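Heads up, the thing below is written out as structure tokens.
No value in this document is a laboratory result; all are computed from the given coordinates. What you see is a predicted model; the values in this text were computed from it and never measured. Cβ: placed from backbone, ideal geometry, glycine included. Neighbour counts: every protein chain shown.
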Amino acid sequence: MLYIKFIILSLSFLLISCGWFGMDDSDRDTGDNTGDIISRPWDGTTINAPKYNLDTRTYYITDATHFAWIMKRTNDNTSIVYDNDTIILVNDIDMDNKSIQGIRKFQGTLDGSNKTIFNIQISRRASPDVGLIGELLDNGTIKNITIENGLISGEEKVGGIAGSGRNAKITNVRNINVSIKGYEGSIGGISGFTDNVTVELAINSGTVNGEKWVGGVIGDAKESSITKSANYGKLSGDESIGGIIGYNRSSSVSLSHNNGQIWKGVFIGGLIGSSNGGRIDNSSNIAKLEGRSGIGGVVGYVAKEVNISHIYNYGLLYTSSSVTSVGRLIGKEDNEFGGGYSKPNNFYLKDKSLEAVGEPRSEDAGLGIDANDFQYKGNFDAWDFNNIWKIEDKCPMLRWILTLDDKDIIEKLMGSCREEQY
């Protein structure tokens, strides 16, 4: 009998040491922890607490019910922002187009570990700050995550990954075919509004539509940094629509690319719709731009001087007789408020029939060259073809794009550089 009791006690001690006993419900993993499957589609009601490591303050999301639990806490109690917590996706998860609210406010780290959240439906038409995460707060981070298929809609500050972000970081994220709809302003494929946010390796293919300040990556960017980002989703709105940023307030865009068609409104730019200061370098647009006024291959409207260098536009600008202020570089400048651009003379712009700036008229910018001339790096003076650019078929492409792990994304971003579309 003593021998049996000794064995039972020994086994109990071993199980406790391994962490099999002694966990409360918040620390219990209720999902499949395989790391390489799509978890069961969410049924719209079931909610389970995910595993939580108290020492590292980390939640492990292995099932859609776990993500539903994470969201419900922030919707039930807005004081819960997961500050200093980390949320990790262990598996791909499928929300099965059931209506969700997203994580309302977040101040921790959401690490997708290169997993995907499928079939998202967030509809909050009368609310601002709508996205997978509504408000990304100070020092919050979103990284290594893809959202795929679905719809996110709200009033203003609406984005695929974050509705708005302040003093935060968004890196290595993708919106694949999640449509973004806003009924007012600051609408973006990745984030609707950013204030002092670093955005890197962000790719959008979802359609984006709003009233004003509509961007393929960011709708309204204030003093933020956007680098190595790209869009091939279609964009539309009434005012200030840009392939990367809709409305720019002293932000920088670098190593970025647009191949998403833009149409409908005023102040339409291949990279930025309207710019109030800031910088653009080593970036490109190859998409068709169509609107009513203020259409620029790079920037639609410049209110305050913007520094532009090492960029090109290969996209077609719509030029019917009813359209005003169309320029290969900039659609319209507002010189009264200091509008203009630096002139380092390394802009390369397809379509010699247009002036560089639509209004006021100007030829003092860039170099209009034939389509065939885009195929030769010798025509691009002082460009870095060893580290930044590579001639790929008909025009230069950013090297980081050509190294992406998804060949379909590469092909769609290449667009007319490989096959003439217009």
Legend entry - Order of Ile152, Ile47, Ile100, Ile70 under a 10 Å beta carbon neighbour criterion, fewest first: Ile47, Ile70, Ile100, Ile152
Inset, instruction - For the pairs Lys157/Lys181; Lys115/Lys157; Lys157/Lys212; Lys98/Lys181, note any where the Cα-Cα span goes beyond 20 Å. - result: Lys115/Lys157
Legend entry - Mean-position separation - Cα centroids, region 259-334 and region 118-143, in angstrom: 29
Inset, instruction - Working from the alpha-carbon coordinates of region 172-232, get Rg over Rh, Rh being the Kirkwood radius. - result: 0.94
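Dividing the alpha-carbon Rg of region 367-414 by 2.2 N^0.38 Å yields what?
For region 367-414, the normalised Cα radius of gyration comes out at 1.21.
What ranking do Lys169, Lys51, Lys407 get, fewest neighbouring Cβ atoms within 10 angstrom at the top?
Result, fewest neighbours first: Lys407, Lys169, Lys51.
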Legend entry - region 42-134: antiparallel DSSP beta bridges as a percent of all, rounded to 5: 20
Legend entry - Sequence of Leu54, Leu235, Leu201 once ranked by neighbouring C-beta atoms within 10 Å, starting from the fewest: Leu54, Leu201, Leu235
Legend entry - Mean Cβ count within 10 Å, highest first, over the residues of peptides 397-406, 56-65: 56-65, 397-406
Legend entry - Residues with amide H under 5 Å from that of Ile280, placed H, sequence gap 5 or more: Val253, Asn307, Ile308, Ser309
Legend entry - Alpha-carbon spread of region 163-282, three principal axes, descending order, Å: 29, 29, 26
Inset, instruction - With r as the distance between the Cβ atoms of Ser321 and Thr198 and R0 = 41 Å, compute the FRET efficiency 1/(1 + (r/R0)^6) and round to 0.05. - result: 0.40
Inset, instruction - Let me know the shape class of region 106-201, please: from the alpha-carbon gyration tensor, a ≥ b ≥ c as square roots of the eigenvalues, rounded when a/c is under 1.5, otherwise prolate if a/b is greater than b/c, or oblate. - result: oblate
Inset, instruction - Go through Lys304/Lys412; Lys51/Lys143; Lys51/Lys169; Lys288/Lys412; Lys105/Lys169; Lys390/Lys412 and tell me which ones have a Cα-Cα distance over 22 Å in this structure. - result: Lys304/Lys412; Lys51/Lys169
Inset, instruction - Along each of the three principal axes of the Cα atoms of region 227-316, give the extent in whole Å, ordering the values from largest to smallest. - result: 26, 24, 16
Inset, instruction - Please find the FRET efficiency linking Ala382 to Glu184, where r is the Cβ-Cβ separation and R0 is fixed at 45 Å, and quote it to the nearest 0.05. - result: 0.60
Legend entry - Cα-based convex hull, region 36-117, per residue volume (Å³, whole number): 86
